[in-house]
Amino acid sequence: MLESANPVPMMTINGCVIVAIRDDLDDQEIVSLQDQLVEEVAKRAAHGVVIDISALEIVDTFAGRMLAAMAQMARVMNARTIIVGMRPAVAMTLVELGMTLDGVETALNADRAVNAIVSGRSNTP
Amino acid sequence: MTLKTPSDVAFARQAAARAMGAIGASAIKTTKFVTAVSEIARNAVIYGRGGVISFTQTGPSGRQSVIAVCTDRGPGIEDISAAIADGYSTGKSLGLGLGGAKRLVDRFEITSSSRQGTKVTLECGPR
Amino acid sequence: MPNEVTISSIIINDYERVLTEWLKVQSAEGVKRTDLVSGKESEQQSRDLLSAMAKAMPKEATDDNLDLAEPGWEPVRDALETIAENRTQRGVSTTEMGWFIGALKQPLFKILQGEIGEKPRILMREIWNVTRLIDQISLHAIETLVSKREAIIERQRAEMTEVAAPVVKIWDSIVTVPLIGTLDSFRAQTVMENLLDAIVQWEAEVAIIDITGVSTVDTMVAQHLLKTAAAVRLMGAECVICGISPKIAQTVVNLGVELPNIVTRVDLESGLAYAFERVGVIAGRG
């Protein structure tokens, strides 16, 4: 398929995989992103993952579930995962949907997330 | 607009966002409506053996709203009130889709029968 | 039908007479509201509307095909817009607006009677046309007035909620919003929106919600606070709720409301102390 031939850009800096999701991936593209991400984490032996969703105008239950799953998978591969840049409207919508992504760590932007991972500082109280 | 594949769901989202833009809706309302459309359209693709979704604008200028009507050809939903309740799913999802969609829009209607499939109507104003 | 007498021909040719008669009826019917709109203004508005009608009439149908939405009627719609704008500001009621325009019927009927009184069939037809036209114009005027008024109400409501939920940046990476009065769903929504936008704007790490001024905390309010805290966390910041007075603590527990995973503090001071600790500010006392 054409879409999966266009992978989401991903880079690894200092043991930290950074993914910036572009807007409006369909369900299949999200699934292939998940495959791509776990492979990258394994290949680079990464200890951190930062997923930037600031370009996403919509996160529905499927996308939310996949994000939570990606975070969990990376964690079992010993990589701390932080989701960053969620838009206010998206946050409110997810809460309304009842998806509070409780097990997932969040940060305001990629900069803070990378700092937190590199310095090993916990963001959760 | 036909719904058959996951990329059709993405197209439906784009159409929903355009319709909300046309009535000058706020960012929050747009996000909520488009998310609800996404849930409903995905249900039609996964459980409803594909379907059709259409968007219309109604109401006087300044207080317009967008109405999305989604029909599928699926087996119908046996117990609608159970399906809307959070945590109910016949598939392997979280079961937040239908009930969540209902909370995100101003008006939500659902009718379902084993013969005619399921029809969901969503309406959302600009703010 | 160049020489036939119709409402169009009357308004175009007998402009001054219609205007004079109209103004007379306005004062006789007591619709002038000289306390709100001065006689001069009323006269000017009447003149504007009538000349707009005269401008539109040669082009547009005044018979069964009458449709005020046609482009030719634009001057009339514009004139009504201006009049409605002016009268909304003065507080003129919809009834008074309806009467103001409705008062135009009588002089037109009178002139028609005088001109074509001997041809009852044509007279009937024209009276019907006048009625329909004036009614449509008057309905349009009332609708314009109402929508202007609604716009004002909407603006005031927006201003009020804005005032009721001011989000302040009190330190680098710390924002706070003091809540006062009752927290209904609409306000809770506004507070959430403002707070989340402020988090983005100031790149805040901690958001303090001060509920000292909230009169009652019931399950509804607690639900709103929980939602707000969840949304704040999703954005990557942390939410602290402070101002939990002994009374609120009691009602919250008695109601069986739980605030899981939310940092709560008694007052703003201790809330701020917690926030400083989170962002790494060292604050001394005294």
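Considering the options B:ALA10, B:LEU98, B:SER81, tell which one lies farthest towards the positive end of the dipole of the stretch B:2-124, charges being +1 on Lys and Arg and -1 on Asp and Glu at the Cβ, about the Cα centre.
B:ALA10
Rounded to the nearest 500 deg cm²/dmol, what is the calculated helix-only ellipticity per residue at 222 nm for chain C, with -39500 (n - 2.57) per DSSP H run of length n ≥ 4?
-20500 deg cm²/dmol
Any idea what angle helix C:268-279 forms with the longest principal axis of chain C, computed on alpha-carbon atoms, 0 to 90 degrees, nearest 10?
70 degrees
For the peptides C:255-268, A:106-119, what is the packing order when you average, over each peptide's residues, the other Cβ atoms within 10 Å and list the highest mean first?
A:106-119, C:255-268
Could you state the angle between the C-alpha long axis of helix C:219-234 and the longest principal axis of the C-alpha atoms of chain C, as a value from 0 to 90 degrees rounded to the nearest 10?
Around 80 degrees separate the two axes.
Please report the antiparallel percentage of DSSP beta bridges with both residues in the protein assembly as shown, rounded to the nearest 5.
Just about 50 percent of them are antiparallel.
In the calculated pair distance distribution of the stretch C:19-126, what percentage of Cα-Cα distances lie above 17 Å?
The calculated P(r) of the stretch C:19-126 puts 59 percent of pairs beyond 17 Å.
Please compute the contact order of the stretch A:1-81 in relative form: average sequence separation of alpha-carbon pairs under 8 Å and at least six residues apart, divided by the residue count, as a percent.
Taking the mean separation of contacting Cα pairs over the length of the stretch A:1-81, I get 33 percent.
What are the lysines whose alpha-carbon lies under 21 Å from the alpha-carbon of B:LYS4, with same-chain residues fewer than 8 places away excluded?
Cross-link targets: B:LYS92, B:LYS119.
Reachable lysines from C:LYS40, Cα under 16 Å, same-chain residues fewer than 8 places away excluded?
Those lysines meeting the cut-off are C:LYS24, C:LYS32.
How would you rank B:29-42, A:92-105, A:21-34, highest first, on the average number of other Cβ atoms within 10 Å across their residues?
Ranked from most to least packed, the peptides come out as B:29-42, A:92-105, A:21-34.
Excluding residues on the same chain fewer than 8 positions from C:LYS59, give the lysines whose Cα lies under 28 Å from its Cα.
Reachable lysines: C:LYS105, C:LYS110, C:LYS119.
May I ask for the equivalent-ellipsoid semi-axes of the stretch C:136-177, computed as the square root of five times each C-alpha gyration tensor eigenvalue and listed largest first in whole Å?
41, 7, 4
Please compute the contact order of the stretch C:7-159 in relative form: average sequence separation of alpha-carbon pairs under 8 Å and at least six residues apart, divided by the residue count, as a percent.
30 percent
What average count of beta carbons from other chains do you get within 10 Å of the Cβ of residues in C:60-66?
Mean shielding count: 0.
Taking all pairs of different Cα atoms in the stretch B:1-40, averaging 1/r and flipping that mean, what Kirkwood radius in angstroms comes out?
10.1 Å is the Kirkwood radius here.
Restricting things to alpha carbons, tell me how big the stretch C:168-279 is in terms of Rg and Dmax, in Å.
Considering the stretch C:168-279 through its Cα atoms, Rg and Dmax are 12.9, 38 Å.
Give me the percent of Cα-Cα pairs in the protein assembly as shown that sit more than 40 Å apart, rounded to a whole number.
The proportion of pairs with Cα distances above 40 Å equals 45 percent.
Taking 37 °C and 0.692 mPa s as the conditions, I'd like the Stokes-Einstein D for the stretch A:15-125 in µm²/s, using the Kirkwood hydrodynamic radius from alpha carbon pairs.
235 µm²/s
Just the Cα atoms of the stretch C:74-115, one point each, no solvent: what log10 I(q)/I(0) does Debye give at q = 0.13, 0.29, 0.30 Å⁻¹?
Taking Cα atoms of the stretch C:74-115 as identical point scatterers yields -0.38, -0.96, -0.98.
Take the alpha carbon atoms of chain B, find their radius of gyration, then divide it by 2.2 N^0.38 Å using N residues; give the quotient.
With N residues counted in chain B, Rg over 2.2 N^0.38 Å equals 1.00.
Just tell me how shielded A:78-87 is by partners: mean number of partner chain Cβ atoms within 10 Å of each residue's Cβ, no decimals.
The mean count of partner-chain Cβ atoms within 10 Å per residue comes to 2.
Return the distance in nm (one decimal) between the two label points of a simple spin-label model at B:SER81 and B:THR111, each offset 7 Å from Cα along Cα→Cβ.
In this crude label model, B:SER81 to B:THR111 measures out at 2.0 nm.
Expressed as an acute angle from 0 to 90° and rounded to the nearest 10, what is the orientation of the C-alpha long axis of helix C:185-202 relative to the principal long axis of chain C?
Tilt relative to chain C: about 70 degrees.
Explain nothing, just the number: relative contact order of the stretch B:2-124, from Cα pairs under 8 Å at least 6 residues apart, as a whole percent.
After rounding, I find 26 percent.
How many Cβ atoms of partner chains, on average, are near each residue of B:4-14 if near means within 10 Å of its Cβ?
Across B:4-14, the average partner-chain Cβ count within 10 Å equals 4.
Rank by packing, highest mean first: peptides C:182-192, B:15-25, C:231-241, with packing defined as the count of other Cβ atoms within 10 Å averaged across residues.
Peptide ranking by packing, descending: C:231-241, B:15-25, C:182-192.
A short reminder: the numbers here are calculations on the coordinates, not readings from a lab. Predicted model only: the values in this text are computed from it and were never measured. Cβ coordinates were reconstructed from backbone atoms using ideal geometry, including for glycine residues, and neighbour counts include every protein chain displayed.
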